[in-house]
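Engineer: Just passing along the structure, written as C-alpha coordinates.
The values are calculated or read from the model by the stated rules, or taken from the named source; none is laboratory data. Fair warning: this is a prediction, and the values are worked out from it, not measured in the lab. Ideal geometry is used to build each Cβ from the backbone, glycine not excepted, and the neighbour counts take in all protein chains shown. Quick note on the areas: whole protein, heavy atoms, side chains included, nothing else; ligands and nucleic acids left out. Shrake-Rupley method; radii C 1.70, N 1.55, O 1.52, S 1.80 Å.
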Amino acid sequence: MLRLAVFLCALCAVSWGFLCLHIVTPGKWGGQPAKCSSPLKAVQTRYVIILQTAGSSCKTGAECNQQMVNIQHYHMNNNGWCNIAYNFLIGEDGKVYEGRGWNTEGDHTYGYSDISLGIAFIGDFTGRSPNAAAWKALKHLLHFAVKNGYLSSDYLLMAHGDISNTVSPGQPIREVLKTWPHYKH
(Lines give C-alpha, C1' and ligand atoms only; values in the text may rest on other atoms or scores of the structure.)
Protein backbone atom coordinates (compact mmCIF):
# COMPACT_ATOMS: atom_id res chain seq x y z
CA MET A 1 0.00 0.00 0.00
CA LEU A 2 2.82 2.41 0.85
CA ARG A 3 4.51 1.74 -2.49
CA LEU A 4 1.26 2.56 -4.28
CA ALA A 5 0.96 5.83 -2.36
CA VAL A 6 4.54 6.79 -3.24
CA PHE A 7 3.91 5.90 -6.89
CA LEU A 8 0.70 7.97 -6.94
CA CYS A 9 2.48 10.96 -5.40
CA ALA A 10 5.28 10.66 -7.96
CA LEU A 11 2.66 10.42 -10.71
CA CYS A 12 0.86 13.50 -9.32
CA ALA A 13 4.08 15.49 -9.23
CA VAL A 14 4.85 14.59 -12.84
CA SER A 15 1.29 15.14 -14.09
CA TRP A 16 0.46 18.32 -12.20
CA GLY A 17 3.89 19.72 -11.41
CA PHE A 18 3.02 20.59 -7.81
CA LEU A 19 1.65 19.27 -4.53
CA CYS A 20 0.28 15.74 -4.60
CA LEU A 21 -3.18 14.77 -3.39
CA HIS A 22 -2.92 13.44 0.14
CA ILE A 23 -5.97 11.46 1.34
CA VAL A 24 -5.92 10.52 5.03
CA THR A 25 -7.92 7.34 5.64
CA PRO A 26 -10.03 6.76 8.78
CA GLY A 27 -7.41 4.33 10.09
CA LYS A 28 -4.84 7.15 9.99
CA TRP A 29 -7.01 9.87 11.54
CA GLY A 30 -8.41 7.65 14.30
CA GLY A 31 -11.84 6.86 12.88
CA GLN A 32 -14.25 4.29 14.23
CA PRO A 33 -15.69 1.66 11.86
CA ALA A 34 -18.72 2.84 9.91
CA LYS A 35 -22.07 1.23 10.66
CA CYS A 36 -23.22 1.52 7.02
CA SER A 37 -22.05 1.20 3.46
CA SER A 38 -24.98 1.93 1.13
CA PRO A 39 -23.60 2.58 -2.37
CA LEU A 40 -24.26 5.68 -4.42
CA LYS A 41 -26.85 5.16 -7.17
CA ALA A 42 -24.11 5.45 -9.81
CA VAL A 43 -20.46 4.44 -9.58
CA GLN A 44 -19.54 7.55 -11.54
CA THR A 45 -21.59 10.32 -9.99
CA ARG A 46 -22.36 13.58 -11.73
CA TYR A 47 -22.79 15.85 -8.70
CA VAL A 48 -20.49 17.38 -6.10
CA ILE A 49 -21.91 19.26 -3.13
CA ILE A 50 -19.52 21.57 -1.26
CA LEU A 51 -20.28 22.09 2.43
CA GLN A 52 -18.67 23.31 5.65
CA THR A 53 -18.59 21.47 8.96
CA ALA A 54 -19.38 24.74 10.83
CA GLY A 55 -17.13 23.78 13.74
CA SER A 56 -13.51 24.62 14.44
CA SER A 57 -11.05 24.75 11.57
CA CYS A 58 -7.70 22.98 11.57
CA LYS A 59 -4.29 23.86 10.16
CA THR A 60 -2.09 20.94 11.25
CA GLY A 61 -2.38 17.21 10.82
CA ALA A 62 -2.85 16.72 14.56
CA GLU A 63 -5.60 19.36 14.74
CA CYS A 64 -7.37 17.93 11.69
CA ASN A 65 -7.17 14.36 13.02
CA GLN A 66 -8.77 15.56 16.27
CA GLN A 67 -11.48 17.46 14.39
CA MET A 68 -12.25 14.33 12.34
CA VAL A 69 -12.64 12.28 15.52
CA ASN A 70 -14.88 15.02 16.98
CA ILE A 71 -17.03 15.24 13.85
CA GLN A 72 -17.44 11.47 13.64
CA HIS A 73 -18.34 11.26 17.31
CA TYR A 74 -20.94 14.03 16.93
CA HIS A 75 -22.46 12.61 13.75
CA MET A 76 -22.66 9.05 15.06
CA ASN A 77 -23.46 9.62 18.74
CA ASN A 78 -25.46 12.87 18.73
CA ASN A 79 -27.15 12.70 15.32
CA GLY A 80 -27.52 8.91 15.25
CA TRP A 81 -25.99 8.58 11.79
CA CYS A 82 -24.00 5.54 10.77
CA ASN A 83 -20.82 7.55 10.09
CA ILE A 84 -19.59 11.03 9.20
CA ALA A 85 -22.14 12.60 6.85
CA TYR A 86 -19.61 13.59 4.16
CA ASN A 87 -17.64 11.54 1.67
CA PHE A 88 -14.52 13.68 2.14
CA LEU A 89 -13.43 16.60 4.31
CA ILE A 90 -10.69 19.11 3.64
CA GLY A 91 -8.45 20.69 6.26
CA GLU A 92 -6.45 23.87 5.99
CA ASP A 93 -3.38 21.66 6.31
CA GLY A 94 -3.90 20.86 2.61
CA LYS A 95 -5.00 17.27 3.19
CA VAL A 96 -8.19 15.48 2.27
CA TYR A 97 -9.73 13.36 5.03
CA GLU A 98 -11.83 10.37 4.09
CA GLY A 99 -15.28 10.25 5.66
CA ARG A 100 -17.55 7.78 3.86
CA GLY A 101 -15.20 7.68 0.88
CA TRP A 102 -15.85 6.86 -2.77
CA ASN A 103 -19.07 5.26 -4.00
CA THR A 104 -20.77 5.41 -0.60
CA GLU A 105 -24.01 7.26 0.08
CA GLY A 106 -23.57 10.22 2.40
CA ASP A 107 -25.96 11.92 4.79
CA HIS A 108 -25.22 15.53 3.88
CA THR A 109 -27.89 16.92 1.53
CA TYR A 110 -31.54 15.85 1.38
CA GLY A 111 -32.33 14.47 -2.07
CA TYR A 112 -28.66 14.43 -3.15
CA SER A 113 -26.81 12.26 -0.63
CA ASP A 114 -27.27 9.12 -2.72
CA ILE A 115 -26.25 10.71 -6.05
CA SER A 116 -23.39 13.04 -5.11
CA LEU A 117 -20.04 13.35 -3.45
CA GLY A 118 -20.35 15.53 -0.36
CA ILE A 119 -17.11 17.40 0.29
CA ALA A 120 -16.88 19.60 3.39
CA PHE A 121 -14.26 22.14 4.37
CA ILE A 122 -13.42 21.62 8.04
CA GLY A 123 -14.46 24.77 9.89
CA ASP A 124 -16.87 27.69 9.80
CA PHE A 125 -16.46 29.74 6.64
CA THR A 126 -19.35 32.16 6.90
CA GLY A 127 -16.90 35.02 7.46
CA ARG A 128 -13.78 33.96 5.57
CA SER A 129 -12.60 31.67 2.80
CA PRO A 130 -10.49 28.55 3.44
CA ASN A 131 -6.77 29.05 2.83
CA ALA A 132 -4.98 28.33 -0.46
CA ALA A 133 -3.85 24.86 0.69
CA ALA A 134 -7.47 23.78 1.25
CA TRP A 135 -8.58 25.08 -2.16
CA LYS A 136 -5.66 23.30 -3.84
CA ALA A 137 -6.63 20.05 -2.09
CA LEU A 138 -10.20 20.40 -3.39
CA LYS A 139 -8.95 20.93 -6.95
CA HIS A 140 -6.68 17.89 -6.69
CA LEU A 141 -9.48 15.74 -5.24
CA LEU A 142 -11.86 16.67 -8.06
CA HIS A 143 -9.17 16.05 -10.69
CA PHE A 144 -8.35 12.67 -9.15
CA ALA A 145 -12.06 11.73 -8.98
CA VAL A 146 -12.56 12.44 -12.69
CA LYS A 147 -9.32 10.73 -13.77
CA ASN A 148 -10.17 7.60 -11.77
CA GLY A 149 -13.82 7.28 -12.81
CA TYR A 150 -15.50 8.28 -9.53
CA LEU A 151 -16.84 11.51 -11.01
CA SER A 152 -18.17 12.25 -14.48
CA SER A 153 -16.03 14.65 -16.52
CA ASP A 154 -19.12 16.85 -17.01
CA TYR A 155 -19.92 16.94 -13.27
CA LEU A 156 -21.90 19.75 -11.68
CA LEU A 157 -20.43 21.53 -8.67
CA MET A 158 -22.90 23.08 -6.22
CA ALA A 159 -22.76 24.82 -2.87
CA HIS A 160 -24.86 23.20 -0.15
CA GLY A 161 -26.91 26.40 0.16
CA ASP A 162 -27.79 26.26 -3.55
CA ILE A 163 -30.03 23.26 -2.95
CA SER A 164 -30.82 23.41 0.78
CA ASN A 165 -32.05 26.20 3.03
CA THR A 166 -28.71 26.72 4.78
CA VAL A 167 -25.80 29.18 4.88
CA SER A 168 -23.38 26.28 4.32
CA PRO A 169 -20.71 26.43 2.98
CA GLY A 170 -20.60 30.18 3.64
CA GLN A 171 -20.70 33.11 1.22
CA PRO A 172 -16.89 33.37 0.86
CA ILE A 173 -16.76 29.78 -0.45
CA ARG A 174 -19.74 30.36 -2.75
CA GLU A 175 -18.04 33.41 -4.27
CA VAL A 176 -15.00 31.31 -5.21
CA LEU A 177 -17.08 28.38 -6.48
CA LYS A 178 -19.04 30.71 -8.80
CA THR A 179 -15.82 31.27 -10.76
CA TRP A 180 -15.16 27.55 -11.35
CA PRO A 181 -16.17 26.04 -14.71
CA HIS A 182 -18.30 23.19 -13.30
CA TYR A 183 -20.27 25.41 -10.91
CA LYS A 184 -24.05 25.19 -11.35
CA HIS A 185 -26.64 27.17 -9.43
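Engineer: For the charge dipole of the chain, defined by +1 on Lys and Arg C-beta atoms and -1 on Asp and Glu C-beta atoms about the Cα centroid, which residue among 40, 80, 167 has the Cα displaced farthest towards the positive pole?
Structural biologist: Toward the positive end, the furthest listed residue is 40.
Engineer: What percentage of all Cα-Cα pairs in the chain are separated by more than 29 Å? Working shown, then result.
Structural biologist: Working: 2298 of 17020 pairs.
I get 14 percent for the Cα pairs in the chain exceeding 29 Å.
Engineer: I need to check one value: relative contact order of the chain, counting alpha carbon pairs closer than 8 Å and at least 6 residues apart, in percent. Before the final figure, lay out the partial values.
Structural biologist: Values: 356 pairs, mean separation 48.1, N = 185.
Relative contact order, the chain: 26 percent.
Engineer: Counting only protein heavy atoms and using a 1.4 Å probe, what share of the accessible area of the stretch 35-104 belongs to carbon plus sulfur, as a whole percent? Intermediate values should be presented prior to the final figure.
Structural biologist: Numbers: 1370 of 3020 Å².
On the stretch 35-104, the fraction of accessible area on carbon and sulfur atoms equals 45 percent.
Engineer: Distances longer than 16 Å among the Cα atoms of the stretch 111-185: what percent of all pairs is that?
Structural biologist: 51
Engineer: Find the accessible area per residue for the chain; the probe is 1.4 Å, ligands and nucleic acids are left out, and the unit is Å².
Structural biologist: Accessible area per residue: 50 Å².
Engineer: Another question, if that's okay. Which residues' amide hydrogens lie under 5 Å from the amide hydrogen of residue 24, considering only partners 5 or more residues apart or on another chain, with H built in the peptide plane?
Structural biologist: Amide H neighbours of residue 24, under 5 Å, 5+ apart: 96, 97, 98.
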